[in-house]
1. If each residue of separation counts as 0.36 nm, what is the full-extension length gain between LEU90 and TYR47 once their alpha-carbon separation is subtracted?
2. Relative to the present Cα-Cα distance, how much length would full extension add between GLN6 and PHE82 at 0.36 nm per residue of separation?
3. Provide the FRET efficiency to the nearest 0.05 for the PHE98-PHE55 pair, computing r from the beta carbons and using R0 = 25 Å.
4. Give the residue from VAL43, SER7, VAL68 lying farthest towards the positive end of the charge dipole for segment 1-83; charges sit on Cβ (+1 for Lys and Arg, -1 for Asp and Glu) and the dipole is referred to the Cα centre.
5. Evaluate 2.2 N^0.38 Å with N set to the residue count of segment 1-77, then give the Cα radius of gyration divided by it.
6. For a quick check, take a GNM of the chain with Cα springs below 10 Å and name the residue from THR66, THR42, THR77 with the largest mean-square fluctuation.
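A short reminder: the numbers here are calculations on the coordinates, not readings from a lab. What you see is a predicted model, and the numbers here were worked out from it, not measured in a lab. Positions of Cβ are backbone-derived with ideal geometry, glycine not excepted, and every protein chain shown enters the neighbour counts.
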Amino acid sequence: MAGAFQSMHSLLQILRRISFQLRRENLHRVAFVLLVLILVATVAFWYFEEKLGFFDAFWWSVVTVTTVGYGDISPATLAGRFVGIALMMLGIGFLGAFWGRPGLIGLMPA
C-alpha cells in the first residue's frame, strides 16, 4: 500500500511540475486548444464515420495530429476527410507550438 501511495505522490509531483512549466512558458492555452481540437475532431470523426467506435476515432485523431499516420484507420466519407484535412492543418501548428519549446518540461535548459 505504501508503494502505491509513493507512486501516486511521485506522479502528482510530475504533473505539478509540468503544469508550472506550462504556465511559466505561457503554453497552457496552447495545450488547452490542442486538447479541445483533438476532442472535437474525435467527436466529428466518430459521427461521420459510422463504423468506428469512439476510442478508434480518438486514436485516429491523436495519430493524425502527431503526423504519425499509421494508416490502420482512415476516413471513408467525404465529411470524414474534411475533418482530417482540418485536423492536419490546425493540429500540426498547435502541436509544433506546444512541443517547440526546449525548456517545456525541464528536459533542456530554457
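1. On the way: separation 43, 0.36 × 43 = 15.48 nm, distance 1.97 nm.
Extra length from LEU90 to TYR47 when fully extended: 13.5 nm.
2. Here the answer is 22.8 nm.
3. According to the calculation, E is roughly 0.60.
4. Working it through, the farthest residue towards the positive pole turns out to be SER7.
5. Details: Rg = 17.0 Å, N = 77, 2.2 N^0.38 = 11.5 Å.
For segment 1-77, the normalised Cα radius of gyration comes out at 1.48.
6. THR77
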